[in-house]
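Here it is, the structure, as structure tokens.
Derivation of every value follows stated rules applied to the coordinates shown; laboratory data play no part. Please read all numbers here as calculations on a predicted model, not as lab measurements. Note that each Cβ is placed from the backbone with ideal geometry, even for glycine, and that neighbours are counted across all protein chains shown.
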Amino acid sequence: MSPVPSAAAAGLADRWRLALSSAPRGGIAGARLGRGTGASLEFEDRRSYVAGDDVRHLDWRAFARTGELMIKLHREEIAPRVEVLLDGSRSMAAGGAKSMLAVDLCALLLRCAGADGFAAACILAGEACEPIALERFEREGVEFEARARLGESLRGIGALLRPGALRIVISDFLFPHDAAALLRTLRARAGALCVVQVLSAEDAAPVAGEALRLIDSETGETLDLVVDERGVQRYRERLQRLTEALEQEARRSGSQFVRIVADRSLEASCRDHLAPAGLLQPG
């Protein structure tokens, strides 16, 4: 059964608002200059022409001087937009609390964005990435059934992302990846990026001595084992390295990183994690 946003998510949206200092604060399309390049009148730079470029942006004066075709680049004009990119892989369904928290966070952030005057977009990442309207998202929820990991899903998502948008990514990030390369891809052409890692209690602190059947979320392969204390310690060390790499890379790139364990209420997650991280503030 697909997890559907809870009533708590809708209720909290009336008490919180987005707080990212780099987020656009409203206005109509074209009222704010972005960090990328686009079609506004403010000149930014030039580069060499490549096949497929809009010939209307050719710099004929530069061509007359140098004999080389150059394209004029301009500061991009953007409409205020928040994109919540939700990892739709099966890993997110491992533990009902994790998937429920991910869905609630997505709904809460979308509602807060809408209340602040942003265009809000939910994008479910999977083999075929798709935008989901808030009304449908709140009515039907989502099925975390993609076999593709988030890093693989990003290869086909570019057309759904808008340059200059505030991008919020929700995932457990429990897949092999290079933090620098992953965040570079996630941040590409975004006005700002916030990475939210959602873990189940079992993800964050597995217990030694339990008999487990491990199921690969993507391949379906199974492995029966009893996890001893040494195995748990090695897992915790690896998880810590992964989390620290994400956090350090986020800080280095000017992005934000939040880690939330799905063992508390949504309200507590807002108060104790999202607010201190600067993603939300009391409304």
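Net charge around L239, counting only other residues with Cβ within less than 13 Å of its Cβ (Lys, Arg = +1; Asp, Glu = -1)? Could the numbers behind the result be given before it?
On the way: positive: R234, R236, R238, R241, R259; negative: D172, E202, D203, E237, E244, E247.
Net local charge, L239 excluded: -1.
Okay, next question. If you take the Cα atoms of the range 88-176, find Rg, then find the Kirkwood Rh from the mean of 1/r over all pairs, what is Rg/Rh?
On the way: Rg = 12.8 Å, Rh = 13.6 Å.
Result: Rg/Rh = 0.94.
Among residues other than A125 whose Cβ falls under 10 Å from its Cβ, what is the net charge (Lys/Arg +1, Asp/Glu -1)? Walk me through the numbers on the way to the answer.
Working: positive: R149; negative: D87, E127, E130, E152.
Computed value for this residue: -3.
Show me 191-200, 266-275, 243-252 ranked by packing, highest mean number of other Cβ atoms within 10 Å first. Can you show the working numbers first?
Values: 191-200: 24.1, 266-275: 18.1, 243-252: 16.0.
Those peptides, ordered most packed to least, come out 191-200, 266-275, 243-252.
Take the Cβ-Cβ distance between E145 and L69 as r, set R0 to 41 Å, and report the resulting FRET efficiency rounded to the nearest 0.05.
Once rounded, the FRET efficiency stands at 0.30.
Provide the gained length on full extension for the span E152 to D53, in nm with one decimal, where the gain is 0.36 nm per separating residue minus the Cα-Cα distance. Walk me through the numbers on the way to the answer.
Values: separation 99, 0.36 × 99 = 35.64 nm, distance 2.76 nm.
Length gained between E152 and D53: 32.9 nm.
Taking the Cα centre of the range 54-181 as the origin and placing charges on Cβ (Lys, Arg +1; Asp, Glu -1), which of A93, A128, G156 is farthest toward the positive end of the dipole?
Sorting the options by dipole projection puts first G156.
Using 7 Å Cα-to-Cβ label points, what is the R259/W60 separation (nm, one decimal)?
5.9
Starting at the first residue of the range 160-173, write each ³J(HN,Hα) from the Karplus equation 6.51 cos²θ - 1.76 cosθ + 1.60 with θ = phi - 60°, in whole Hz, x for Gly and Pro.
8, 9, 9, x, x, 6, 7, 10, 10, 10, 10, 7, 7, 6
Turning to a different aspect of this structure: For the range 142-211, run through the GluC sites (Glu not before Pro) and keep only the ones in DSSP coil with at most 13 other Cβ atoms within 10 Å of their Cβ.
Details: sites: E143, E145, E152, E202, E210; in loops: E143, E145, E210.
Taking the range 142-211 and a limit of 13 other Cβ atoms within 10 Å, the loop GluC sites (Glu not before Pro) found are E210.
With the crude spin-label approximation of a point 7 Å out along Cα→Cβ, what separation in nm comes out for A128 versus R236?
It works out to 4.4 nm between the two label points.
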